[in-house]
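The values are calculated or read from the model by the stated rules, or taken from the named source; none is laboratory data. Note that the structure is a prediction, hence the values are computed from the model and not measured. Reconstructed Cβ throughout: ideal geometry from the backbone, glycine too, with neighbour counts over all protein chains shown. Only protein heavy atoms, including side chains, enter the accessible area calculation; ligands, DNA and RNA are left aside. Shrake-Rupley method; radii C 1.70, N 1.55, O 1.52, S 1.80 Å.
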Amino acid sequence: MSHLSRRPDDAVVGLALPHESAALHVTGHALYTDDLVQRTLGVLHAHPVCSPHPHARVTRIDTAPALAVAGVVRVLTADDVPGTNDSGVKHDEPLFPEIVMFVGHAVCWVLGETLEAARLGAEAVEVDYEPLPAIVALTEAIDAESFQGGQPVLSRGDVEQGLGGATHVFSGVTEMAGQEHFYLETHASLALVDEGGQVFVQSSTQHPTETQEIVAHVLGLDSHHVTVQCLRMGGGFGGKEMQPHGFAAVAALGATLTGRPVRLRLSRTHDMTMTGKRHGFHAQWRVGFDDEGRLTALEATLTSDGGWSLDLSEPVLARALCHVDNAYWIPHVRLLGRVARTHKTSQTAFRGFGGPQGMLVIEDILGRCAPLLGIDPVELRSSNFYVEGQATPYGQGVRHPERLVAAWDQVLRSARVAGRREEIAAFNAAHEHTKRGLAVTPVKFGISFNFTAFNQAGALVHVYKDGSVLINHGGTEMGQGLHTKMLQVAATTLGIPLERVRLAPTRTDKVPNTSATAASSSADLNGGAVKDACEQILTRLTDVAAGRELSWDELVREAYFSRVQLWAAGFYRTEGIHWDSTVMRGHPFKYFAYGVAAAEVEVDGFTGAYRTRRVDIVHDVGDSLSPLVDLGQVEGGFVQGMGWLTLEDLRWDESDGPGRGRLTTQSASTYKLPAFSELPDELNVALLERAHEDGVVYGSKAVGEPPLMLAFAVREALRDAVGAFGPDGTSVALASPATPEAVFWATERARSASPASLVEGLPGLVPDQPDPTAPRLHPTSEQVAEQAADTPAGT
Ligand code: MTE
Ligand code: MOS
């Protein structure tokens, strides 16, 4: 066992503690960025002037009428930018654009004494636009070949050979919608200018260092002139990994120009219409299976809807391609990835970072093909699992595949899958208009940033003379419990009670050059750094003790008087990983996190309404650092995944009317989030036991993102239930999200499905039926024709 993962007997890690701020969260005492406004004198408020066009040239901006509005102090435009007028890391995101690229794109920002003054000022700004043609739907972008960024290919073996040797070949299209983050706290920044032009920005950001860098670029300053602090976030979910930078830069620009603090906080509708979301994807695929239903080959083209700029679309796409295999061994693979450019918000990171979209492709394939192969989907999935010695298509060996099998078997047992399927069959036979379905799906998710350099972290640990400890690390807290875990790590390493350790907010002047709090890796990375810092101090204290039995406080005091340094900066980098993005090969992940879910649903055939009756989960978090926190992450991730796959329906106006390009679901009234009423009636979550992960801090594994993908079980259970409305062997194509409306249309199709084609043993084209609920995600008639022509016969 490695030094890093070995856990002492009296460890504070592993204790089931509440989140360090739980009491503050639930009593309303927890401070978020925008709460600081009340504590700051002379704050100005920022309001955007947003484009009503999805694509247009700005031909004139007249700010004079705004300045005539009472309380308006200044209007920020491109002319005010002393540095670079860009808020992206790809230099494709002008902060004050000459060409607007989506409905909601901010043209300029008005600063007012009150938010209302700023809003009225924004209304008064006169902007002339020369509208340009806009691409809204992803399929329009594909047809128009409107792409941006690289087009990576991930391949292994020879797909033609693999398909040629297959007994069954199927082809199809899988489309999935994006997802709004809907963090409770919308984007917020508060910027102040200190003496000598030093800029201090409080920001709700998952990536303080990059926010700092962008603010510095926009202001034309070096990084050391800018400090960014993040107290905590009311949720980030990936939406605050890159998107906060521009807002922070606007606030900082306003503060430097006016000399007053500037606050920028988006309203919910601004947040939904201005900021990026999960990428929707379109995938066109061909797949082969042998006699026994084992995958022989997969060829697919994945196109993501990147929106107007690149943002994180390329790394999201890379992760999608690296997760198309999910838990399955596919000998021959060829995957092509593309990012479409559309005139919509710039889509970005969202819990799973493309992994869910990649995995949905293979899960959709297996779910649709199982009936055509005449193989039970539970069987089809498990018979294709990786076994020891096999590698992913990008060449990384799959370590510990037996852990996935252990989780799978545990779920089959604890959820009584076999028995309940018999009960469900009996129920379905007795009910013509209500059908139940049950499905079991696996998750294998790679942990680490694909981009190797990001896998580093720093920490600063102070031991004060009285023996109390203050820690700082590079990660941010967004509700995921990172700070709770870091407190536990510090207490464990130093061997002191948790109460002796406190944690200070994340700041770029405490720990520099940090990576985003993302990729679920923050406990691994920052935990390694905190442990390193604590160990440096401990080593010095051990010398001071020189074998004597002293209490912690005595030892610290003695160390101080012996002039021994009582603080340390810690550092950690993940060893053993590498990645070559040009050929899409390497060993990008430190390890894989595994999980399995079984879900049972009940569908009403008259309306498509459904209920999730029961969910059983076994999830692998290694030796948990903080079991209550991890449980919360599994439950929350799972429900958020359910939301993405079954409820949350982003709609853009794709008509040629005046509203073209407008997000029509701009608030909670039209965008349905999972709530209490959608929770499974019964939700059982167990953490996989005997799951120690060697080489990771105290034997733990990352937990933040992987559980989201457990929700595939619900989607597959819906498919199972829908299939029960049709004849045996009905292959069900289900839209994503599988909203009640989509489920209704799927049941209608299942009812009218004929089993004839199967009886005749015709090639199993998975029909890509038009789905009236998801017109925006449809392939063109040419594509459908092409696809039908493309379907080779099985032998
Ligand atoms: N949990 C809560 N409560 N709020 C969040 O915003 N973000 C998720 C996940 N869990 C999130 C969350 C995402 S997208 C990631 S990458 C991880 O937390 C980031 O934190 P970690 O690296 O500490 O797991
Ligand atoms: Mo998470 S999508 O990596 O912020």
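The table below gives the values:
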read-out	value
Some residue of segment 620-640 being more than 16 Å from ligand 2 (Cβ to nearest atom), within 27 Å of MET272 (Cβ to Cβ) and in contact with a Lys or Arg (Cβ under 6 Å, 6 or more places away or on another chain)	no
Total residues in segment 451-478, condition open to solvent by 40 Å² or more (accessible area, probe 1.4 Å), over 17 Å from LYS590 (Cβ atoms) and either within 14 Å of ligand 2 (Cβ to nearest atom) or part of a strand (DSSP E or B) (or both)	1
Residue match in segment 495-510 (condition: within 16 Å of ligand 2 (Cβ to nearest atom), modelled with pLDDT of 95 or more and under 35 Å from the mean Cα position of the chain (by Cα))	yes
Residues of segment 141-158 that turn out to be in contact with a strand residue (DSSP E or B) (Cβ under 9 Å, 6 or more places away or on another chain), open to solvent by 10 Å² or more (accessible area, probe 1.4 Å) and assigned to a helix (DSSP H, G or I), as a count	1
Any hit, segment 79-93, residues being of a type in the set (A, V, I, L, M, F, W, C), in the same structural domain as HIS53 (by TED's automatic domain parsing) and out of contact with any Pro (no Cβ under 7 Å at 6 or more places or on another chain)	yes
In segment 690-716, residue farthest from ligand 1 (Cβ to nearest atom) [restricted to those that are closer than 20 Å to MET486 by Cβ and of a type in the set (D, E, K, R)]	GLU693
Residue count for segment 26-41, restricted to those that are assigned to a helix (DSSP H, G or I) and surrounded by fewer than 17 Cβ atoms within 10 Å (Cβ to Cβ)	6
Qualifying position, being touching a helix residue (DSSP H, G or I) at 6+ places or on another chain (Cβ under 9 Å), buried (at least 24 other Cβ atoms within 10 Å of the Cβ) and among the acidic types (Asp, Glu), among ASP616, ASP623	ASP616
Yes/no for ARG338 being open to solvent by 10 Å² or more (accessible area, probe 1.4 Å), part of a loop (DSSP other than H, G, I, E, B) and out of contact with any helix residue (DSSP H, G or I) (no Cβ under 7 Å at 6 or more places or on another chain)	no
LYS485, sole failed condition from (1) out of contact with any Phe, Trp or Tyr (no Cβ under 6 Å at 6 or more places or on another chain); (2) away from ligand 1 (no atom under 12 Å from the Cβ); (3) among the basic types (Lys, Arg); (4) outside any loop (DSSP other than H, G, I, E, B)	(2)
Residue check for VAL603: among the aliphatic types (A, V, I, L, M), more than 25 Å from the chain's Cα centre (by Cα) and part of a strand (DSSP E or B)	yes
Among (1) of a type outside the set (S, T, N, Q); (2) open to solvent by less than 40 Å² (accessible area, probe 1.4 Å); (3) within 42 Å of the chain's Cα centre (by Cα), the one test that ALA545 misses	(3)
Counted residues, segment 668-686 - those being out of contact with any strand residue (DSSP E or B) (no Cβ under 8 Å at 6 or more places or on another chain) and either exposed (fewer than 15 other Cβ atoms within 10 Å of the Cβ) or at positive phi (or both)	7
The lone exception for ASN513 - which of (1) surrounded by 15 or more Cβ atoms within 10 Å (Cβ to Cβ); (2) within 30 Å of PRO315 (Cβ to Cβ) it fails	(1)
Residue, farthest from ligand 1 (Cβ to nearest atom), within segment 350-378, restricted to residues that are among the charged types (D, E, K, R) and under 17 Å from ASP728 (Cα atoms)	ASP376
Of all residues in segment 48-82 being basic (Lys, Arg) and over 20 Å from THR258 (Cα atoms), the one that is surrounded by the fewest Cβ atoms within 10 Å (Cβ to Cβ)	ARG60
Residue match in segment 178-189 (condition: more than 16 Å from ligand 1 (Cβ to nearest atom), on the phi < 0 side of the Ramachandran plot and surrounded by fewer than 24 Cβ atoms within 10 Å (Cβ to Cβ))	no
Residue, surrounded by the fewest Cβ atoms within 10 Å (Cβ to Cβ), within segment 410-426, restricted to residues that are among the charged types (D, E, K, R) and part of a helix (DSSP H, G or I)	GLU422
Unmet requirement for GLY446, which otherwise passes all of (1) open to solvent by 20 Å² or more (accessible area, probe 1.4 Å); (2) in contact (Cβ under 8 Å) with a residue 60 or more places away in the chain	(1)
Filter result (part of a helix (DSSP H, G or I), near ligand 1 (Cβ under 10 Å from one of its atoms) and not small (Gly, Ala, Ser)) within segment 492-532	ASP524, LEU525, ASN526
Criterion (open to solvent by 10 Å² or more (accessible area, probe 1.4 Å) and either modelled with pLDDT under 95 or in contact with a His (Cβ under 9 Å, 6 or more places away or on another chain) (or both)) met by exactly one of HIS332, HIS270	HIS270
Count - residues of segment 209-257 that are away from ligand 2 (no atom under 16 Å from the Cβ) and not β-branched (Val, Ile, Thr)	23
Which listed residue is open to solvent by 10 Å² or more (accessible area, probe 1.4 Å), closer than 19 Å to ARG74 by Cβ and touching a Gly at 6+ places or on another chain (Cβ under 6 Å), from LEU192, LEU219	LEU219
Residue among GLU160, GLU175, GLU185, GLU210 that is within 24 Å of the chain's Cα centre (by Cα) and more than 30 Å from GLU654 (Cα to Cα)	GLU210
